[in-house]
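The values are calculated or read from the model by the stated rules, or taken from the named source; none is laboratory data. None of these values were measured; they are calculated from a predicted model. Ideal geometry is used to build each Cβ from the backbone, glycine not excepted, and the neighbour counts take in all protein chains shown. Heavy atoms of the whole protein, side chains included, go into the accessibility calculation; ligands, DNA and RNA do not. Shrake-Rupley method; radii C 1.70, N 1.55, O 1.52, S 1.80 Å.
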Amino acid sequence: MRIALAQINPTVGDIDGNAAKVAAWIEAAAARGADLAIFPELCIPGYPAEDLYLKRHFNEASRRAVEELAPRAAEIDVLVGFSEPAAAADFRHAHNSLAHLSGGRVAGVYRKQRLPNYAVFDEQRYFIPGADPATADIAGTRVGLTICEDCWVEGPPAATEVAEGAELIANPSGSPYHRGKGREREMLFSGLARGYGAHFAFCNMVGGQDELVFDGQSLLLGPDGETLGRAAQFEEELLVCDVGAAPGPLSEPLPDLAEVYGALVLGLRDYVAKNGFGHVGIALSGGIDSALVALLAVDALGPERVTCVVMPSPHSSDETQGDARTIAANLGVEALEIRIEGAMAEYERALSPSVDGGGVAAENIQARIRGNLMMALSNEHGWLILTTGNKSEMSVGYATLYGDMAGGFAAIKDVPKTLVYELVAHRNAIAGRELVPASVIERPPSAELRPDQRDSDSLPPYDLLDGVLEAYVERDQGREEMIAAGLPAETVEEVIRMVDRSEYKRRQAAPGVRITPRAFGRDRRLPITNRFGN
């Protein structure tokens, strides 16, 4: 039996466009002699379409698209994910369903049973679970039908389908990326394949959707747990394999830093493209964070679609400003320079004597002047402004509302500061030259909002800070647990206070690419008004 795993990049809500893509890939699979083409979970309506799934007419459009696709499956069997209108609806109006197209018609429908409701998933809000397993006889092979989470734990429906004679378990999925997720999935499916003594075909979608990235890396595994086919990460691919024959194509997984960098590039590229932006703007300071955002933007969009803006103040050092101009030149992007001394003086005049010219308010005014200028350029030219704050800063509120937080997309908001340095060094190594000068990597980080300012004046060292943040934000550890693990008590208490009091800021931050298992936003949802002492 020859199967084709159609690892495609759908767009949420573009039902007609997604159906046209599926039709084209069915034709490509048939041309390569496939008996069965498997498409990702919910690829017709897109995933996650959030409250669109609560609209009955949205689900009806998804169902019609599947019915109109059926004639394309005259000579090939097809499994395609869609949101199916529910016959007996409560507040929910849909099933997360898989249509089996065969002989030019919809031959059957399987409805997802295990609806995840953790981390970024809200499927119990949207879908009514199915109750029945389903198998189909295709090209002499009995195929068990499942959808994503159905296979993340042992038991029904896969166990039931194997007991009914299924030799191949098809698992169309929309499995979002976080660092190391591909290895986790492959180990999971390898264990399932061995445990059931069956082939497993995992077909994942690829692409960016708001804050999520789907990394692809679709798989075919044999009954002994061996990986017989593996698609690439972060790229559309038609993976064609012969079940029971020699292994098919096996794309090598990307090394760790290349994987993270690839996720960030894809998430940024798709956010820009799917939302119709033609150009992005970046406030380039000469620091490490804006340097990484500029690298990502150029790799995602090309230098011709990126403009970097240098906005020196009296506190900006010659070194950082020189580095900013060097980075822009190295990347081949347009560079604008707008000095802000005059605006700072006007603000000081207007606010005096109500605001002390040397305090935090004056520092934040500089950031807000820059944010104002970037948004003016956005209004004038239609640019999407990319903010440059990292996860460490967003965690502890080391960012200015309506200042450096002003913008439409926060490309590195889930990237800890220590990882920012690693990714810049990685990109320099790939280039074989210093796209970002060594001085940017080696210089102590500073917001440069007052003379001789250093981040370390306000924050613990980043290697220590990131360790505390990983424990508190990503693992939900409490104060005593962190201290018992060897983290300094004073630092733990300080970081907890900063994280908790900055929740209101994070609610106002731009969306950004998720690369960790616990990103701010969809993953971590805490009340702003909160007196729990942690």
**Fill in**
By residue number, the members of the stretch 313-365 that are in contact with a Phe, Trp or Tyr (Cβ under 9 Å, 6 or more places away or on another chain) and assigned to a helix (DSSP H, G or I) are Ala362, Asn364, Ile365
**Complete:** Taking first residues from the stretch 77-90 that are within 16 Å of Phe58 (Cβ to Cβ) and second residues anywhere that are of a type in the set (Phe, Trp, Tyr) and in a strand (DSSP E or B), the pairs with Cβ under 9 Å that are 6 or more apart or on different chains are Ser83/Phe127; Ala86/Phe127
**Message:** Looking at the stretch 297-310 only, could you name the residues that are open to solvent by less than 10 Å² (accessible area, probe 1.4 Å) and either more than 24 Å from Glu380 (Cβ to Cβ) or not in a helix (DSSP H, G or I) (or both)?
**Reply:** Val306, Thr307, Cys308, Val309, Val310
**Message:** Would you confirm whether or not the stretch 463-478 contains a residue that is in contact (Cβ under 8 Å) with a residue 24 or more places away in the chain, touching an Asp or Glu at 6+ places or on another chain (Cβ under 6 Å), within 17 Å of Lys417 (Cα to Cα) and open to solvent by 40 Å² or more (accessible area, probe 1.4 Å)?
**Reply:** no
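Can you name every residue in the stretch 435-452 that is surrounded by 15 or more Cβ atoms within 10 Å (Cβ to Cβ) and out of contact with any Gly (no Cβ under 7 Å at 6 or more places or on another chain)?
At the first step, the residues of the stretch 435-452 found to be surrounded by 15 or more Cβ atoms within 10 Å (Cβ to Cβ) are 435-437, 440-441, 443, 445-450.
Answer for the stretch 435-452, where residues must be surrounded by 15 or more Cβ atoms within 10 Å (Cβ to Cβ) and out of contact with any Gly (no Cβ under 7 Å at 6 or more places or on another chain): Leu435, Val436, Pro437, Ile441, Arg443, Ser446, Ala447, Glu448, Leu449, Arg450.
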**Request:** Within the stretch 417-433, identify whether any single residue is buried (at least 21 other Cβ atoms within 10 Å of the Cβ) and in a loop (DSSP other than H, G, I, E, B), and answer yes or no.
**Result:** no
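Hey, can you tell me all the residues within the stretch 167-187 that are farther than 16 Å from Arg142 by Cα and either open to solvent by less than 40 Å² (accessible area, probe 1.4 Å) or at pLDDT below 95 (or both)? I'd like the intermediate steps shown before the answer.
Step one: list which residues in the stretch 167-187 are farther than 16 Å from Arg142 by Cα, which gives 172-187.
Result: Pro172, Ser173, Gly174, Ser175, Pro176, Tyr177, His178, Gly180, Lys181, Gly182, Arg185, Glu186.
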**Asked** Which of the residues that make up the stretch 340-393 are open to solvent by 40 Å² or more (accessible area, probe 1.4 Å), under 22 Å from Leu292 (Cα atoms) and among the charged types (D, E, K, R)?
**Response** Arg368, Arg370
**Every residue from the stretch 373-388 that is within 12 Å of Phe277 (Cα to Cα) and free of Cβ contacts under 8 Å to residues at least 12 places away in the same chain** = none
**Prompt:** In the stretch 127-146, what residues are crowded, with 22+ Cβ neighbours inside 10 Å and touching a Pro at 6+ places or on another chain (Cβ under 9 Å)?
**Reply:** Gly130, Gly144, Leu145, Thr146
**Asked** Mind checking which pairs have a first residue in the stretch 330-341 that is farther than 16 Å from Ala431 by Cα and a second that is at pLDDT 95 or above and surrounded by fewer than 14 Cβ atoms within 10 Å (Cβ to Cβ), Cβ under 8 Å, 6 or more apart or different chains?
**Response** Ala335/Ala329
**Message:** With the requirement that a residue be out of contact with any Lys or Arg (no Cβ under 7 Å at 6 or more places or on another chain) and open to solvent by less than 30 Å² (accessible area, probe 1.4 Å), what does the stretch 216-229 give you?
**Reply:** Gly216, Ser218, Leu220, Leu221, Gly222, Thr227, Leu228, Gly229
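Polar (S, T, N, Q) and closer than 21 Å to Pro445 by Cα: which single residue out of Ser352, Ser378, Ser313 fits that description?
On the way: Ser352 fails: closer than 21 Å to Pro445 by Cα; Ser378 fails: closer than 21 Å to Pro445 by Cα.
Going through Ser352, Ser378, Ser313 in turn, the sole match is Ser313.
Could you say whether any residue in the stretch 147-161 is open to solvent by less than 40 Å² (accessible area, probe 1.4 Å), under 18 Å from the mean Cα position of the chain (by Cα), in contact (Cβ under 8 Å) with a residue 60 or more places away in the chain and closer than 26 Å to Asn18 by Cβ? It would help to see each step written out before you state the result.
As a first pass, look at the stretch 147-161 and keep what is open to solvent by less than 40 Å² (accessible area, probe 1.4 Å): 147-151, 155, 157-159, 161.
Right, trim to under 18 Å from the mean Cα position of the chain (by Cα) and you get 148.
From what's left, in contact (Cβ under 8 Å) with a residue 60 or more places away in the chain: 148.
Pick out the ones that are also closer than 26 Å to Asn18 by Cβ and you get 148.
Looking through the stretch 147-161, at least one residue is open to solvent by less than 40 Å² (accessible area, probe 1.4 Å), under 18 Å from the mean Cα position of the chain (by Cα), in contact (Cβ under 8 Å) with a residue 60 or more places away in the chain and closer than 26 Å to Asn18 by Cβ.
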